[in-house]
Amino acid sequence: MTFFLIIFQTIAILTIIPTALALFYKKSWWIRVCDFPRLQIILFQAIAIIGLLIFMQDYDIANIILTAITFFAMITQIIYIFPYLAFVNKDIPDYNNKDGLRFSIMVSNVLMKNHKSEKLIELVRHYQPSIFLAVETDHWWKEQLDVLDEHYTFKKKVPIDNTYGMLLFSKYPLTNLSVEYIIKEDIPSIHADVVLDESFVFKLRCVHPEPPAPSEADTSRPRDRELVLLAKKIKQNPAPYIVIGDLNDVAWSDSSYKFERISELKDPRKGRGFFNTFNAKIPFFRWALDHVFMSELFEVIALKRLPFVGSDHFPIYLEIGVNPEKKKDFNLV
């Protein structure tokens, strides 16, 4: 009994530590990485609580306190991921207008060293998204995806051999098109106005900020600063926006919630599920890194995580409708 009790005590302590660390708004990568595995931590906390209740002897005070702390740590984790549970009210409603404007978006982090482009190309041809963004694209990937030019009249290609390249394809005209380097000169973001028709234009922002990781950035400051600067620019302009890309941040982190709060954009996954896109190669360790944030006049027709394409990310696909009533509240041209 003592052996099993020690195991569950150890599990409890190992889940309490990252829960506590994530509450500190420190930028170090080894603290911010605690934002990611909240679902996995909840599972281990539940296991620890059950094990402690079964194996603790005579309900001694030390184990009761440990069980209580583990329980409250689990509640803390649940609070963060709660908005993404499928039974919660949807942050963005379903689209029910059969005659309104509608379009689709697909986002895929291709994994630069992945050279299985056929799977992704086949998927794009099958779903025919109105807008397709591929990130982590070098010059090899640019050459492979050039075959999509026949389907997309409008595009902006920024291939870079540093895992931060971007290729944007659109069936709709792109105006005011620019490439900006918000934080670092080798990490681009693509900015454009998408003209759906003569009465509706929205602003598209494609981003892939630097992740907090030992091989990238020691802290989350570059990522968080890029997202905050973008959010403030969006807040200052009363126009419809959609932000897409691999944000190298989970949907339920403090920085993601801060981006939503400042920009006033909404996450279509809230109330629909997690749609975890990374890591596609490790089923147990997956979280939502690829994002689509949008203004409140956009509504959801369909949201899908697409099949494996050889990358460590699954592509994400979203069909969107424009609410005709809310559309009147925006300056669209």
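The values are calculated or read from the model by the stated rules, or taken from the named source; none is laboratory data. Just so we're clear, the structure is a prediction, and the values are computed from it rather than from any experiment. Positions of Cβ are generated from backbone atoms using ideal geometry, with glycine treated the same way; all protein chains shown enter the neighbour counts. These accessible areas exclude ligands, DNA and RNA; they are computed on the full protein's heavy atoms, side chains included. Shrake-Rupley method; radii C 1.70, N 1.55, O 1.52, S 1.80 Å.
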message = Name the residue that is most open to solvent (accessible area, probe 1.4 Å), counting only residues in region 101-119 that are at pLDDT 95 or above and among the aliphatic types (A, V, I, L, M).
response = Met112
key: Of all residues making up region 175-191, the number that are in contact (Cβ under 8 Å) with a residue 24 or more places away in the chain, in a strand (DSSP E or B) and crowded, with 16+ Cβ neighbours inside 10 Å   = 2
inquiry  = For the condition touching a residue at least 24 places away in the same chain (Cβ under 8 Å), within 20 Å of Val300 (Cα to Cα) and of a type outside the set (Gly, Ala, Ser), what is the one hit in Ile47, Ile81, Ile131?
reply    = Ile131
inquiry  = Cβ-Cβ under 6 Å, sequence separation 6+ or interchain: first residue in region 50-76 and of a type in the set (Phe, Trp, Tyr), partner open to solvent by 90 Å² or more (accessible area, probe 1.4 Å). Which pairs?
reply    = Phe55/Met1; Phe55/Phe4
remark   = Note on region 257-287: residues farther than 22 Å from Ala134 by Cβ and hydroxyl-bearing (Ser, Thr, Tyr) are Tyr257, Ser263
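Restricting attention to strands (runs of 3 or more DSSP E) lying wholly within region 112-170, give those where 2 or more residues are within 19 Å of the chain's Cα centre (by Cα) and hydrophobic (A, V, I, L, M, F, W, C).
131-135, 166-170
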ask   = Which one is farthest from Asp218 (Cα to Cα), of the residues in region 3-28 that are touching a residue at least 12 places away in the same chain (Cβ under 8 Å) and among the β-branched types (Val, Ile, Thr)?
value = Ile7
request  = Could you run through region 192-217 and say how many residues are in a loop (DSSP other than H, G, I, E, B) and either open to solvent by less than 40 Å² (accessible area, probe 1.4 Å) or of a type in the set (Asp, Glu) (or both)?
outcome  = 8
